[in-house]
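Novice: One structure coming up, written as structure tokens, with questions to follow.
The values are calculated or read from the model by the stated rules, or taken from the named source; none is laboratory data. Everything quoted here is computed from the prediction, not taken from an experiment. FYI the Cβ positions are ideal-geometry reconstructions off the backbone, even for glycines, and counts take in every protein chain you see. Accessible surface areas use protein heavy atoms only, side chains included; no ligands, DNA or RNA. Shrake-Rupley method; radii C 1.70, N 1.55, O 1.52, S 1.80 Å.
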Amino acid sequence: MALPSSFRTGYRLFLSWRYLRSRLVNLISVGGVMSGVAVLIIVVCIMDGFQERVRRVTRGNLSDITMTPREDPAPFPAFEQKIKEVEPRVRAVSPLIKIPVGYFYESNRRSQLTGSNRELFLMEAVGIDWEREKQVSDIARHVKTAVNPDRPLYDAVAQEREKKTVLISRRFAEKFLLGKGRGSATPEELTALLATDLSIAILNERADGTYAERTYNLWVTGVYEGEDVQQDINRLYLDIAQLRQMANVEHPYLDVRVKLKDYRDAKSVKTSLKGRFPSFSVFTWEDIQRDFLQAVESEKVLLIIVLSFIVLLGGFIILATLTLTVVEKTRDIGILSALGAPKTGVLSVFLWTGLWIGIIGSALGVGLGRLFVDNVNWVKDRLEDIGLYVFPPDIYRFREVPTIWDWKSVGVIVVGSLLMAFFAGLIPALRAARMDPVRALRHE
Amino acid sequence: MSDVADRPVLLSARGVTKSYKTGAGPLRVLRGVDLEVREGEILAILGTSGCGKSTLLHVLGWLDEADEGEIHFEGQNRASLPGPARAQLRNRVMGFVFQFYHLMPELTAVENVTLPAMIKHDGFGRWGKNHKQAENRAKALLALVGLQDRMEHRPRQLSGGERQRVAIARALMNEPRFLFCDEPTGNLDGRTAEDVRRLLWDLNARNKQTMVIVTHDAKLAHQADRIVYLEEGRVVHKDEVDVVEEVELG
């Protein structure tokens, strides 16, 4: 007849394990710790994912560093060469201009702006040098379909017909050209838009507040899909030279986008560039989006602090459970003393009971958290099936709930939970250890 | 039993007093008890309820502390030992049998019996090395007290007599030199009480185990080597077994 393996662990672990198993309230405590740990893990994973995605969306096609000239800048490629010479940590440099443009479309309502049924949709035309731009941003990765995938803003037919080329966003195409909901256009429908005309107007504001428009028929040579659908719908990409010509821009560029060899050097490169090019304002992409990024970080920290109280609640459950256990097991404490267990032995029996609750609760919490995090979008979809929209993409700017499973964060939560179990168990365990054995034996 | 007086004194109490705080002031339970326990004897402490018998047993067994007086075990003063050393000595040298058995309800009979050995061999890896031997001894002790078929039973599945036999087996686990029994038959019917008494006396005859038995059962006390009568916290009569008839039984 073999005794259970736990029998070999010494009386402290053995008795604490038995106490844990024999009382339903202990299992309820395990459930409490499990819930707290799982909720905290789920929130941290979602917030980490959310933060990372927000960073990506916020960054959009911003390069590592943006330099804005305050006076007439030197033209490319001389300027490019100079930057690379003075700052070897720069990998690539690209010029950029941004011009407000309008897209007119037919509406059922009368437009106050145009005085007709033609509604104006204001957009931003971004002029880029494709070969340089693709080295400083993710634009090349975002192109979904193009006449010429290697050089999406170049098309022989357009050149032949002397047409200016444009990259449109998938969201713009869906809303205005296909009349479809977001994400519903098929690749074939998007491809069918290539080599078609798109009319846009470059607007000049008159003294009376109305707009004078100059309309261009652009040749669609590609469709892209960025991280931020709200930004995408308002943005067209054109060749910088063509856009300068269309908008009569004299400056060779309005911004310079800089890609670094290692983004960790951003702060020191920024300082270095500021010193070398005093007529430029220099920003990292995080400087540009600082307020928003800080708001998201603050929200994450606040949420974690608030939800840590759930784990703290688990600690109080352990405290209450073990206090009850010590009262119920008063006679056992007397027996242990009579059998020669030292006070530290009695203490560790109850301390271990609390730790078992913490260990098992945390392990189950990690498992439950992982299960939920892995299936969070399935849960979201099921909730949407019953009309509960917990993650509206119009607000959050992305379709799926983003998550990041970071073992370091999970480890911190588990260690925190175990420490909490330890300290919650310490108070009743000390009480048990200090108990007078004779009184304990006489306890009814 | 005339040779008892010649045996060395193992345990002695000198001027032991003990009182408890109550709402109505201190309650003096022991009022200067002098006592000697000799090796291998069965000493019965006889007295009425509330006379301080159990308190005296607890003080003698180092479970409780006397207010005044000295308790010596083999010449060593209790007061000179720190708490952990006293606990260790209690674990290795003393065994306790209580009126209400005091078994751990979560443990089986064999686990209850093995518990003192688990405490004895506590420490990293020590129990792992000793558990098999202890397990075998626990089973042998349960067989000795006639419970070979009840090893995996929990206390609630055992009768009163069986529980007390498990408690006796547990008290013997670490081969103690002393057995302290607090009303060991007090909660049992006549026949079962006699079985338990016979078991204790057999152990004494076989192992020369020193026993201090607190009881109000005169019949049980009469079979001891020596009886000490306790009244209102004082030893009022102490004698050898051949004058036991002179003891007034309350």
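Novice: Compute the Rg/Rh shape ratio of chain A: radius of gyration over Kirkwood radius, all on alpha-carbon atoms.
Specialist: Values: Rg = 32.3 Å, Rh = 27.0 Å.
Value, to two decimals: 1.20.
Novice: Another question, then. Between residue B:9 and residue B:154, what FRET efficiency follows from the Cβ-Cβ distance if R0 is 30 Å, with the result rounded to 0.05?
Specialist: Working: r = 40 Å, r/R0 = 1.35.
Efficiency computed from Cβ-Cβ geometry: 0.15.
Novice: If you don't mind, another one. Tell me, how many Å apart are the Cα centres for the range A:115-150 and for the range A:187-243?
Specialist: 8
Novice: What part of the accessible area of chain A, given as a whole %, is carbon or sulfur when the probe is 1.4 angstrom?
Specialist: Working: 12020 of 21560 Å².
Carbon and sulfur atoms account for 56 percent of the accessible area of chain A.
Novice: Find the sum over both chains of the accessible area lost when A and B are paired, probe 1.4 Å, and report it in Å² to the nearest 100.
Specialist: Details: alone 23030 and 12270 Å², together 32360 Å².
Heavy-atom accessible area buried at this interface is about 2900 Å².
Novice: In the range B:49-81, what residues drop by 50 Å² or more in accessible surface going from the chain by itself to the full protein assembly, probe 1.4 Å?
Specialist: So the qualifying set is B:63.
Novice: I need the phi-derived Karplus couplings for the range A:170-177: 6.51 cos²θ - 1.76 cosθ + 1.60, θ = phi - 60°, integer Hz, Gly and Pro marked x.
Specialist: 4, 5, 4, 4, 5, 6, 9, 9
Novice: What residue among A:143, A:158, A:90 has its Cα farthest toward the positive end of the dipole of the range A:63-287, where the charges are +1 on Lys, Arg and -1 on Asp, Glu, each on the Cβ?
Specialist: Value computed over the given set: A:90.
Novice: Need the C-alpha centroid separation for the range A:383-444 versus the range B:22-73, integer Å.
Specialist: When both Cα centres are located, 50 Å separates them.
Novice: A further question follows. Reachable lysines from residue A:144, Cα under 24 Å, same-chain residues fewer than 8 places away excluded?
Specialist: Once the sequence-local lysines are set aside, what remains near residue A:144 is A:98, A:134, A:163, A:164, A:175, A:180, A:259.
Novice: With +1 on the Cβ of every Lys and Arg and -1 on the Cβ of every Asp and Glu, and nothing else charged, how large is the dipole of the range A:140-200 about its Cα centre, in debye rounded to the nearest 20? Working shown, then result.
Specialist: On the way: 11 positive and 8 negative charges, 74 e Å.
Its charge dipole is roughly 360 debye.
Novice: Okay, moving on. Using a Gaussian network model of chain A with C-alpha springs under 10 Å, which one of A:146, A:78, A:429 is most mobile by mean-square fluctuation?
Specialist: The residue that fluctuates most here is A:78.
Novice: Could I ask something else about it? Which of the peptides A:162-171, A:408-417 is most tightly packed, and how do the rest follow, judged by the mean count of other Cβ atoms within 10 Å per residue? Walk me through the numbers on the way to the answer.
Specialist: Values: A:162-171: 21.5, A:408-417: 17.1.
Taking the mean over residues of other Cβ atoms within 10 Å, the ranking is A:162-171, A:408-417.
Novice: Oh, and also: Going toward the positive end of the dipole of chain B, with +1 on Lys and Arg Cβ and -1 on Asp and Glu Cβ, which of B:82, B:94, B:29 do you reach last?
Specialist: Of the listed residues, the answer is B:82.
Novice: Let me ask you something else. Along the charge dipole of the range A:322-434, which of A:398, A:373, A:412 sits closest to the positive end, that is, farthest toward it, with unit charges on the beta carbon of Lys, Arg, Asp and Glu (+1, +1, -1, -1)?
Specialist: Ranked along the dipole, the leading option is A:412.
Novice: Add +1 for every Lys or Arg and -1 for every Asp or Glu among the other residues with Cβ under 13 Å from the Cβ of residue A:373, and state the total. Don't jump to the answer; show the numbers that get you there.
Specialist: Working: positive: A:370, A:380; negative: A:48, A:374, A:400, A:406.
Net charge around residue A:373: -2.
Novice: Cross-link candidates for residue A:343: which lysines have Cα within less than 23 Å, leaving aside residues fewer than 8 places away along the same chain?
Specialist: Once the sequence-local lysines are set aside, what remains near residue A:343 is A:329, B:18, B:120.
Novice: So which helices of chain B fit the span-like rule, where a helix is a whole DSSP H run, its Cα atoms reach 24 Å or more along the axis, and its mean Kyte-Doolittle is at least 1.6? Intermediate results must be reported in sequence, preceding the final value.
Specialist: On the way: long enough: B:126-144 (26 Å, -1.08); B:190-207 (25 Å, -1.02).
Qualifying helices: none.
Novice: If you don't mind, another one. Report, to two decimal places, the Cα Rg of chain B normalised by 2.2 N^0.38 Å (N = number of residues).
Specialist: 1.01
Novice: Here's a follow-up. Taking the simple approach of a point 7 Å from Cα along Cα-to-Cβ for both residue A:245 and residue B:79, what is their distance in nm?
Specialist: 11.1
Novice: Moving on to the next point. Would you kindly derive the ³J(HN,Hα) couplings of the range A:320-326 from the backbone phi angles with the Karplus curve 6.51 cos²θ - 1.76 cosθ + 1.60 (θ = phi - 60°), listing them in order in whole Hz, with x for Gly and Pro?
Specialist: 5, 4, 6, 4, 5, 4, 4
Novice: Next question. Only Lys, Arg, Asp and Glu count, each charged at its Cβ (+1, +1, -1, -1), so figure out the dipole size of the range A:63-287 about its Cα centre, rounded to 20 debye. Don't skip to the end; give the middle numbers.
Specialist: On the way: 34 positive and 35 negative charges, 67 e Å.
Here the range A:63-287 has a charge dipole of around 320 debye.
Novice: Moving to a separate point now. What ranking, highest mean first, results for peptides A:87-100, B:98-111 when packing means the other Cβ atoms within 10 Å averaged over each residue? Each step should come with its number before you reach the end.
Specialist: Details: A:87-100: 19.4, B:98-111: 21.2.
The packing order, highest mean first, is B:98-111, A:87-100.
Novice: Using a 1.4 angstrom probe on the protein heavy atoms only, could you order A:291, A:64 from most to least accessible area? If you can, show how the numbers build up before the last one.
Specialist: Values: A:291 125, A:64 5 Å².
Sorted descending by solvent-accessible area, the residues read A:291, A:64.
Novice: State in Å² the accessible area per residue of the range A:63-287; use a 1.4 Å probe, count heavy atoms of protein chains only, and round to the nearest integer. Walk me through the numbers on the way to the answer.
Specialist: Details: 11090 Å² over 225 residues.
That works out to 49 Å² for each residue.
Novice: Only four residue types carry charge here, +1 at the Cβ of Lys and Arg and -1 at the Cβ of Asp and Glu. Report the dipole size of chain A about the Cα centre in Debye, rounded to the nearest 20. Provide the component values of the computation, followed by the final result.
Specialist: Numbers: 58 positive and 51 negative charges, 438 e Å.
About 2100 debye.
Novice: Another question, if that's okay. Quick one: net charge of residue B:173's neighbours, Cβ under 9 Å, K/R +1, D/E -1? Provide the component values of the computation, followed by the final result.
Specialist: Numbers: positive: B:120, B:137, B:170; negative: B:175.
Charge balance in the 9 Å sphere: +2.
Novice: Restrict the search to the range A:49-153; then list the chymotrypsin sites (Phe, Trp or Tyr not before Pro) that DSSP places in a loop and that have at most 10 other Cβ atoms within 10 Å of their Cβ.
Specialist: Loop-located and lightly packed - none at all.
Novice: Just grab the label-to-label distance for residue A:363 and residue A:84, each label 7 Å out from Cα along the Cβ direction, in nm (one decimal).
Specialist: Result: 5.8 nm between the two label points.
Novice: Considering amide H positions built from the backbone, and no H for Pro or chain starts, which residues 5 or more places from residue B:235, or on another chain, come under 5 Å of its amide H?
Specialist: Under 5 Å from the amide H of residue B:235 lie the amide H atoms of B:34, each far enough along the sequence or on another chain.
Novice: On average, how many beta carbons from a partner chain sit within 10 Å of the beta carbon of a residue in A:339-352?
Specialist: Values: counts 19, 20, 9, 11, 3, 4, 6, 1, 0, 1, 0, 0, 0, 0.
That average works out to 5.
Novice: Take peptides B:204-215, B:183-194 and line them up by average Cβ neighbours within 10 Å, highest first, as a rough protection proxy. Write down the numbers at each step before the final one.
Specialist: Values: B:204-215: 19.6, B:183-194: 17.3.
The peptides rank, most packed first, as B:204-215, B:183-194.
Novice: Let me ask something else about it. Please turn the phi angles of the range A:16-31 into ³J(HN,Hα) values with the Karplus equation 6.51 cos²θ - 1.76 cosθ + 1.60 (θ = phi - 60°), one per residue in order, whole Hz, x for glycine and proline.
Specialist: Result, rounded to whole Hz: 4, 5, 5, 4, 4, 6, 7, 10, 4, 4, 5, 5, 5, 4, 4, x.
Novice: Another question, if that's okay. If you average the sequence gap of Cα pairs under 8 Å that are 6 or more apart and divide by the length of the range A:71-140, what percent do you get for the contact order?
Specialist: It rounds to 31 percent for the range A:71-140.
Novice: Report for chain B the percent antiparallel among DSSP-assigned beta bridges with both residues inside it, nearest 5.
Specialist: 55
Novice: Now, a different point. If one puts a single equal scatterer on every Cα of the range A:63-287 and applies the Debye formula without solvent, what log₁₀ I(q)/I(0) results at q = 0.10, 0.15 Å⁻¹?
Specialist: Debye curve over Cα of the range A:63-287, log10 I(q)/I(0) at q = 0.10, 0.15 Å⁻¹: -0.50, -1.04.
Novice: Also: With a sphere of radius 14 Å drawn around the Cβ of residue A:119, what net charge do the other residues whose Cβ falls strictly inside it have (Lys, Arg +1; Asp, Glu -1)? Let's see the in-between values first.
Specialist: Details: positive: A:109, A:110, A:118, A:175; negative: A:106, A:213.
So the surrounding residues net to +2.
Novice: For the range A:63-287, what's the relative contact order in percent, using C-alpha pairs closer than 8 Å and at least 6 residues apart?
Specialist: On the way: 443 pairs, mean separation 81.3, N = 225.
36 percent.
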